[in-house]
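Right, one structure below, let's go through it.
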Amino acid sequence: MIFRSRASPKELADFCGLVSLQLAAGKDCLSAIKSVRQRAPKFVKSLSHEIELLSFETAVRARVLRSKSFEEIFVLESLLAGLKSQIHLKELLDSLAQCFYRLHYYEKKQRSLLKLPRLQAIILLFMSLFISFVVPIIFSNSLISFLDLGLRAVFWTLCALILAGSCLSLWICEYPQIKYKPKIKYCHFLFYLSRLLQAGTDFRSAWNRSLEVVHLAPSDSKLLQIPMKTAKALTEHLQEIEQLNLPIQHIISPLQICIQSGKGLISVIESASLRLFDDICMDWEEEAQQRSLTSLLPLGFLVLPSTLTLLLGPQFLYFQMRLQ
């Protein structure tokens, strides 16, 4: 395998940035990658050797896909495309580094926004379980539990509510990343499309190859596929894609204009990739801020009431039975 473990966006950004600096110092690409590999052995292994073989379509690609890391595959595909074309390789690496640094920044920002709610959910879960199970055992002489009263169904129902509330709170914290991070792949799709077009690949082949590289959801990838042999014109396929509710639908009209005029296609795709990335990350950050407050609702309406009921409910029932 090319990567020992999954590289984080920051590690990939550092890798691309270091290779770019080596290229700026006058080294060729393979020498630059070898030099960087010595400095970053944590996630890069035999990278220069595999690129030197340039057999990415067969054995190398199969090994990379087994790592199941989209970001790593995307860096390798982009780097190999740049190597084959030898066009603006340094600018390609700088763009990749910028892309992954920004992705790292927004992931870090979301973690900081949701650190407190996530910590609260975990602490309350353990406190609730401690109060529910351990406290009645420690104070068995003075505290009564639902189990002592024979109300096992009530006891386990309240425990299930505590667990459900904590899990729901944690899921709310993770939802922005689950929702928005897959959309970043559309930015990578546009970026890689621009690289292939810059290398001289025809539009249909570049479009379909970019879909293979970014690994979109199978349903979306099938909808976006443009057949190589078809009676329909390219603009007709793009019009059909424009009707789909996908993140790239708003750039289809500018693409059609550029294809018809034959000018500015690459620059339009590159700017659209950056703009789409900014839009997705802004929505991601805004939703993370909202979720940081929403995640407290399950704790307040499920976990705390259930915990108090588990602790105080049996005492109330016991005294009521004694009074009767």
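Quick rundown of the values:
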item	result
Candidates 119, 114, 125, filtered to the one that is touching a Cys at 6+ places or on another chain (Cβ under 8 Å) and either modelled with pLDDT under 75 or more than 14 Å from residue 198 (Cβ to Cβ) (or both)	114
Helices (runs of 4 or more DSSP H) fully within region 106-213 counting 3 or more residues that are hydrophobic (A, V, I, L, M, F, W, C) and crowded, with 21+ Cβ neighbours inside 10 Å	152-180, 184-198
Residue among 217, 272, 288 that alone is modelled with pLDDT of 85 or more and closer than 30 Å to residue 102 by Cα	272
Some residue of region 142-159 being outside the structural domain of residue 79 (by TED's automatic domain parsing), under 30 Å from residue 293 (Cβ atoms) and either in contact with a Ser or Thr (Cβ under 8 Å, 6 or more places away or on another chain) or not polar (S, T, N, Q) (or both)	yes
Flag for residue 184 being under 13 Å from residue 299 (Cβ atoms) and either within 26 Å of the chain's Cα centre (by Cα) or modelled with pLDDT under 75 (or both)	no
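The values are calculated or read from the model by the stated rules, or taken from the named source; none is laboratory data. It should be emphasised that the depicted structure is a prediction, and the values quoted were computed from it without experimental measurement. Positions of Cβ are generated from backbone atoms using ideal geometry, with glycine treated the same way; all protein chains shown enter the neighbour counts.
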